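*Asks:* Sharing a structure, written as structure tokens. Questions coming.
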Amino acid sequence: MNFKQKYVFLFPGLFVLIGILIFPIIFVVRLSLSGWNSYNGLNFIGLENYIRLFTDDPRFWESFFRLSFLSVTTVILQYVIGFALAHLVWKDIKFQRFFRVLFLIPMMTTPVIMTVIWRTFFHESLGPVNDILSNFGMSPKWLTDPVLAKVTVIIVEVWQWTPFMFLLLLAGLLSLPKEPFLAAAIDGASPVRKFLYVTFPLMAPISIGAIIIRLIEASKIMDTVYVLTSGGPGTSTETSSFYIFIKGLREFQMGYAASMSFTYLIIMIISLTVIAKVLTKLMLKD
Amino acid sequence: MKIIKTCLTAVISSVLMFSPMAYADKWGDQFPHIKATGDIAGDCSYEEMSKKNYKGKTLKINTHAVPVIGQPTALHAEQFAKLTGAKVDVTHTPAGDLYAKAMVPFKAGQAPYDIVFGFSNFINDWKRYLAPVPKKYMNSTEMKDVTKSHIGVSSWDGTMYQYPVDGDRHYLKYRKDVIDNPEMQKKYKADTGKELRVPRTWKEYGEMAKYFNGWDWDGDGEKEYGSAEVMKKDDLMFAAFFSRSVAYAKNPRTPGGFFFDLDTMKPNINNPGFVEALGDWVEATKYVPPGGINFGLGDEIGSFGGGQTLFSFSWDDAFIAAMQDDSPIKNKVGAAPLPGADRVWNRTSNSWENQYNQAPYIVWGWAVGVAKKSKVKDMAFDYLCFFSNGANHQADLAIGNFGVNPFKNSDFDPNIYINTMGWDADIANSYTKTLLDMEKSKNRVFPLRVPGVFEFTSAVATGTSKALAGQLSPQEALDEVAKEWEAIVQRVGKKAVQDAYAVGVKMEDNKL
């Protein structure tokens, strides 16, 4: 076969790659250098949008730090609960299959629909949660108190995505070699020591992968916020993606929204790389 | 001969008299939605539409989510398809996304939808991409019944771009069985020393709402609350804020702009009038139902319409919902103009004028246009004309969550509501009088209709919601909005905003 002919077979894949990955990124960069909105076209305004973003838009940075808090908190909780549940059904327990399926159900539901249901649960005057709590003299403001609204978002996110963590960690647990556990048993290690010195270290590579995947997903949190609180009360649950959505698709400041998206992409690439390195160092130190 | 003539006249008269009824029965039987009136003769009646043949053609519509306006769109699409043989695809979109869903393809030179629903204040941004309403429809019997102000709201520089299907204004709704109840009046007087009456000012509104908050005042075993309002960020909340602001900030003696000073384009949004209104609104968070600061329009309709609150103000929908046959409070509610204020800000002299002021807010309503690039414009206009024909319109008016409100001269006849909807005469009279008085007022505020309007209203929603959540004081919140408005004016171009705003100011200053 002629050497050059081999490249012909690469073209279809290359075209797809350019079409769905490279072109949109290049277009976003071009868009971010324009003032495209409801009254201007794709003009060229240089770095104006970036200057505005870095010097005159504290709301973007506030939403970014809020997002960092929400995503780190939800992922930590998902990891802890997911690991606990995976550990539970990893052992031979009664109704093991039933529980394995049960724990996966939240992930299989449609996020937007489930968030609507959660919103109904947490409705402060008509929802069942406050109906029950009112018997004990409590009626928390789940969606209208700036702090509790964040807690509500965290609850919904944790409920929805813990199964994903559970699934990855259970797959990891099932693939662990049996010998280290046999050795620990022969040495008379307690269950806690077995977990701390055998299970956890062996699970570290999978844990890092699972945490990074969830962090990437959690950093895009949008549907839960959109349906549950619309970023409110005030701006107390507004995340970066929701803010970009407002600027781009509500206010139609496409050029500015593109500059925020691109900046956000760069920040996420850098921060997730750093987080992955730190986690690797911490969890795989031995 | 005389007998024959008399008989013939009698027969012809009876045919003429009863033919509309027979005609009505025919269409009313096939389409239960219009069974109360049957078909009503007109250029776009059921009878006329049944003569059209659009077999093999597809009409694509983007409308609001159900029920508000989305449900009547889908219902009339189904009826239209049945009558004309057309295929009608209806897409439902949340309110906040209607603008962008049309704008993105418009800007890209495409027309994925033949008909786009939105709000009437989009007109400035959308008009470049919409087909003007053809003369044929402008001269239709249906259009001739539309009020002058709604023709104006749907038009720009004399050209109609949006087809009138709805007419909106904000007014006060209250529980008549409480406010007009002598026992309640006595109790209120004894407890507060004040008269219980339809509130004339926002301060009175607040006092009464606070008094009637959190206890079972109608004896149904459930707690009731003071007021249901649209307070959810980005969910039309800016319109609720403007409704509360007009009393303090629309001074009939200072023409030249409510939102901006037209000459300088300096925002008025952070002047003491608006700040006072926002202060009242922050206070209102204490007398809304639990979770009330997250209420969107649907929640407000459900809350007041379901009998949960004493007051509400915004569009007609909550009032109509309360007056529906299945409502627990049918014929127990009243309509009145928006409350006023005992003082109004004079932005020229920079001082308060201590005199009573009231101003109606003719808030935008649902609007709809046909894409310039649509290939089935005739069918699209026929659909819109059919949507708002006499029979459909009257039936739609009777359903609270349809979101279709009076915009035709014939809608102000109280008998429609008494005879076809079973309203008490005094309620129907006060309802139509409230609406008519707003039409006649010389101190009205019209919606902001300038380029980039969504940026302005979004800034108001963000600022006011920060104040409601306690993140900022009313003054700080509105200072932030004013700063953002100034930046938007700079970005859009002062001249473009000023020129567009001048049209609205002319309407407000009664010069159009």
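*Asks:* Go through segment A:231-251 and count every residue that is at pLDDT below 90 and either part of a loop (DSSP other than H, G, I, E, B) or at positive phi (or both). I'd like the intermediate steps shown before the answer.
*Replies:* Residues of segment A:231-251 that are at pLDDT below 90, as a first pass: A:232, A:249-251.
Subset that is either part of a loop (DSSP other than H, G, I, E, B) or at positive phi (or both): A:232, A:251.
Total satisfying the criteria: 2.
*Asks:* Moving on to the next point. Do we have any residue at all in segment B:98-113 that's over 15 Å from B:Val368 (Cβ atoms) and β-branched (Val, Ile, Thr)?
*Replies:* Among the residues of segment B:98-113, at least one is over 15 Å from B:Val368 (Cβ atoms) and β-branched (Val, Ile, Thr), which makes the answer yes.
*Asks:* When segment A:187-221 is examined, which residues are found to be surrounded by fewer than 16 Cβ atoms within 10 Å (Cβ to Cβ), under 25 Å from A:Thr110 (Cα atoms) and of a type in the set (A, V, I, L, M, F, W, C)?
*Replies:* Result: A:Ile213, A:Ile216.
*Asks:* Right, something else. Could you go through segment A:250-266 and let me know if any residue there is charged (D, E, K, R), within 16 Å of the chain's Cα centre (by Cα) and within 14 Å of chain B (Cβ to nearest Cβ). Give the derivation first.
*Replies:* Going residue by residue through segment A:250-266, those that are charged (D, E, K, R) are A:250-251.
Retained after the next criterion (residues that are within 16 Å of the chain's Cα centre (by Cα)): none.
No.
*Asks:* Do we find that A:Thr280 is over 26 Å from B:Ile293 (Cβ atoms), among the hydroxyl-bearing types (Ser, Thr, Tyr), in a helix (DSSP H, G or I) and free of Cβ contacts under 8 Å to residues at least 60 places away in the same chain in this structure?
*Replies:* Numbers: over 26 Å from B:Ile293 (Cβ atoms): yes; among the hydroxyl-bearing types (Ser, Thr, Tyr): yes; in a helix (DSSP H, G or I): yes; free of Cβ contacts under 8 Å to residues at least 60 places away in the same chain: no.
The answer is no for A:Thr280.
*Asks:* Would you point out which residue out of A:Leu182, A:Leu202 is away from every other protein chain (no Cβ under 14 Å) and within 30 Å of A:Lys277 (Cα to Cα)? Before the answer, list the steps.
*Replies:* Values: A:Leu182 fails: within 30 Å of A:Lys277 (Cα to Cα).
Unique residue meeting the criteria: A:Leu202.
*Asks:* Among the residues of segment A:205-225, what is the count of those that are more than 22 Å from A:Val274 (Cα to Cα) and either part of a loop (DSSP other than H, G, I, E, B) or without any contact (Cβ under 8 Å) to a residue 24 or more places away in the chain (or both)? Full working, then the answer.
*Replies:* As a first pass, look at segment A:205-225 and keep what is more than 22 Å from A:Val274 (Cα to Cα): A:222-225.
Among the residues that remain, those that are also either part of a loop (DSSP other than H, G, I, E, B) or without any contact (Cβ under 8 Å) to a residue 24 or more places away in the chain (or both) are: A:222.
Residues meeting the conditions: 1.
*Asks:* Given the conditions (1) outside any loop (DSSP other than H, G, I, E, B); (2) more than 26 Å from B:Gly96 (Cα to Cα), which single one is not true for B:Lys375?
*Replies:* (1)
*Asks:* Hey, another quick one. Return yes when B:Lys187 is in the same structural domain as B:Gly340 (by TED's automatic domain parsing), outside any loop (DSSP other than H, G, I, E, B) and under 31 Å from the mean Cα position of the chain (by Cα) and no when it is not. Show your work before the answer.
*Replies:* Numbers: in the same structural domain as B:Gly340 (by TED's automatic domain parsing): yes; outside any loop (DSSP other than H, G, I, E, B): yes; under 31 Å from the mean Cα position of the chain (by Cα): no.
No.
*Asks:* Also: So B:Val481 clears everything in (1) more than 9 Å from chain A (Cβ to nearest Cβ); (2) surrounded by fewer than 23 Cβ atoms within 10 Å (Cβ to Cβ) except one condition, right? Which one?
*Replies:* (2)
*Asks:* Something else now. I need the full set of residues from segment A:230-249 which are over 29 Å from A:Tyr39 (Cα atoms) and more than 7 Å from every other protein chain (Cβ to nearest Cβ), in order please. Please lay out each step first, then the result.
*Replies:* Initial filter on segment A:230-249 (over 29 Å from A:Tyr39 (Cα atoms)): A:233, A:236-237.
Correct list: A:Thr237 only.
*Asks:* With the condition kept exactly as written, say whether any residue in segment B:211-226 is out of contact with any strand residue (DSSP E or B) (no Cβ under 6 Å at 6 or more places or on another chain) and in a helix (DSSP H, G or I).
*Replies:* Looking through segment B:211-226, at least one residue is out of contact with any strand residue (DSSP E or B) (no Cβ under 6 Å at 6 or more places or on another chain) and in a helix (DSSP H, G or I).
*Asks:* Of B:Asp234, B:Asp220, B:Asp280, B:Asp191, which residue is within 14 Å of another protein chain (Cβ to nearest Cβ) and not β-branched (Val, Ile, Thr)? Break it down stepwise before answering.
*Replies:* On the way: B:Asp220 fails: within 14 Å of another protein chain (Cβ to nearest Cβ); B:Asp280 fails: within 14 Å of another protein chain (Cβ to nearest Cβ); B:Asp191 fails: within 14 Å of another protein chain (Cβ to nearest Cβ).
After applying the criteria, what remains is B:Asp234.
*Asks:* Which fully enclosed helices (runs of 4 or more DSSP H) of segment B:408-512 have 1 or more residues being of a type in the set (Lys, Arg) and touching a Gly at 6+ places or on another chain (Cβ under 6 Å)? Write out each step before concluding.
*Replies:* Details: elements: B:425-440, B:453-468, B:474-492, B:494-508.
Result: B:453-468.
*Asks:* Any residue at all in segment A:134-146 that is surrounded by fewer than 16 Cβ atoms within 10 Å (Cβ to Cβ) and either at positive phi or at pLDDT 95 or above (or both)?
*Replies:* yes
*Asks:* Here are some residues: B:Asp316, B:Asp326. Which one is of a type outside the set (Val, Ile, Thr), surrounded by 16 or more Cβ atoms within 10 Å (Cβ to Cβ) and either outside the structural domain of B:Asp43 (by TED's automatic domain parsing) or out of contact with any Pro (no Cβ under 9 Å at 6 or more places or on another chain) (or both)?
*Replies:* Within the list B:Asp316, B:Asp326, the selection yields B:Asp316.
*Asks:* Would you point out which residue out of B:Lys60, B:Lys51, B:Lys55 is closer than 30 Å to B:Gly96 by Cα, basic (Lys, Arg) and out of contact with any helix residue (DSSP H, G or I) (no Cβ under 6 Å at 6 or more places or on another chain)?
*Replies:* Details: B:Lys51 fails: closer than 30 Å to B:Gly96 by Cα; B:Lys55 fails: closer than 30 Å to B:Gly96 by Cα.
Only one candidate passes the filter, namely B:Lys60.
*Asks:* For a quick check of your reading: which helices (runs of 4 or more DSSP H) sit entirely within segment A:85-194 and have at least 3 residues that are more than 21 Å from A:Leu228 (Cβ to Cβ)? Break it down stepwise before answering.
*Replies:* Details: elements: A:96-108, A:111-121, A:128-133, A:146-174, A:179-186, A:191-194.
Counting at least 3 such residues, we get A:96-108, A:146-174, A:179-186, A:191-194.
*Asks:* Also, I was wondering about something else. Restricting to segment B:118-161, give me the number of residues that are of a type in the set (A, V, I, L, M, F, W, C), surrounded by 18 or more Cβ atoms within 10 Å (Cβ to Cβ) and within 30 Å of A:Asn37 (Cα to Cα). Explain how you work it out, then say what you get.
*Replies:* In the first step, residues of segment B:118-161 are kept if they are of a type in the set (A, V, I, L, M, F, W, C); the result is B:119, B:122-123, B:126, B:130-131, B:133, B:138, B:143, B:146, B:151, B:153, B:156, B:160.
Narrowing the set further to residues that are surrounded by 18 or more Cβ atoms within 10 Å (Cβ to Cβ) leaves B:119, B:122-123, B:126, B:130, B:133, B:143, B:146, B:153, B:156, B:160.
Within this subset, residues satisfying the condition of being within 30 Å of A:Asn37 (Cα to Cα) are B:119, B:122-123, B:126, B:130, B:133, B:153, B:156, B:160.
Adding up the residues that qualify gives 9.
*Asks:* Based on this model, can you work out whether B:Leu59 counts as within 14 Å of another protein chain (Cβ to nearest Cβ) and either within 21 Å of B:Pro164 (Cβ to Cβ) or surrounded by fewer than 22 Cβ atoms within 10 Å (Cβ to Cβ) (or both)?
*Replies:* Working: within 14 Å of another protein chain (Cβ to nearest Cβ): no; either within 21 Å of B:Pro164 (Cβ to Cβ) or surrounded by fewer than 22 Cβ atoms within 10 Å (Cβ to Cβ) (or both): yes.
Here the answer is no, as B:Leu59 does not meet what is asked.
*Asks:* Something else about it: Show me the helices (runs of 4 or more DSSP H) entirely contained within segment A:1-55 in which 1 or more residues are surrounded by fewer than 10 Cβ atoms within 10 Å (Cβ to Cβ) and out of contact with any helix residue (DSSP H, G or I) (no Cβ under 9 Å at 6 or more places or on another chain).
*Replies:* Details: elements: A:5-8, A:11-17, A:23-32.
It comes to A:5-8, A:11-17.
*Asks:* Something else now. Buried (at least 17 other Cβ atoms within 10 Å of the Cβ) and in contact with a Pro (Cβ under 8 Å, 6 or more places away or on another chain), is that true of A:Tyr79? Break it down stepwise before answering.
*Replies:* On the way: buried (at least 17 other Cβ atoms within 10 Å of the Cβ): yes; in contact with a Pro (Cβ under 8 Å, 6 or more places away or on another chain): no.
Here the answer is no, as A:Tyr79 does not meet what is asked.
*Asks:* Provide a single number: the residues in segment B:448-472 that are more than 7 Å from chain A (Cβ to nearest Cβ), touching a helix residue (DSSP H, G or I) at 6+ places or on another chain (Cβ under 7 Å) and small (Gly, Ala, Ser).
*Replies:* Pass one, segment B:448-472, residues more than 7 Å from chain A (Cβ to nearest Cβ): B:448-450, B:453, B:456-457, B:459-461, B:463-464, B:467, B:470, B:472.
Cutting the leftovers down to touching a helix residue (DSSP H, G or I) at 6+ places or on another chain (Cβ under 7 Å) gives us B:448-450, B:453, B:456-457, B:459-461, B:463-464, B:467, B:472.
Narrowing further to those that are small (Gly, Ala, Ser): B:459, B:461, B:463, B:467.
Counting residues in segment B:448-472 that are more than 7 Å from chain A (Cβ to nearest Cβ), touching a helix residue (DSSP H, G or I) at 6+ places or on another chain (Cβ under 7 Å) and small (Gly, Ala, Ser) gives 4.
*Asks:* Show me the helices (runs of 4 or more DSSP H) entirely contained within segment B:66-132 in which 3 or more residues are of a type in the set (A, V, I, L, M) and in contact with a Gly (Cβ under 9 Å, 6 or more places away or on another chain). If you could, list the steps in order and put the result at the bottom.
*Replies:* On the way: elements: B:70-84, B:98-107, B:123-126.
Once the helices (runs of 4 or more DSSP H) in segment B:66-132 are filtered for at least 3 residues that are of a type in the set (A, V, I, L, M) and in contact with a Gly (Cβ under 9 Å, 6 or more places away or on another chain), what remains is B:98-107.
The values are calculated or read from the model by the stated rules, or taken from the named source; none is laboratory data. All values reported here derive from a predicted model rather than from experimental measurement. Using ideal geometry, Cβ is built from the backbone for each residue, glycine included, and neighbour counts are taken over all protein chains shown.
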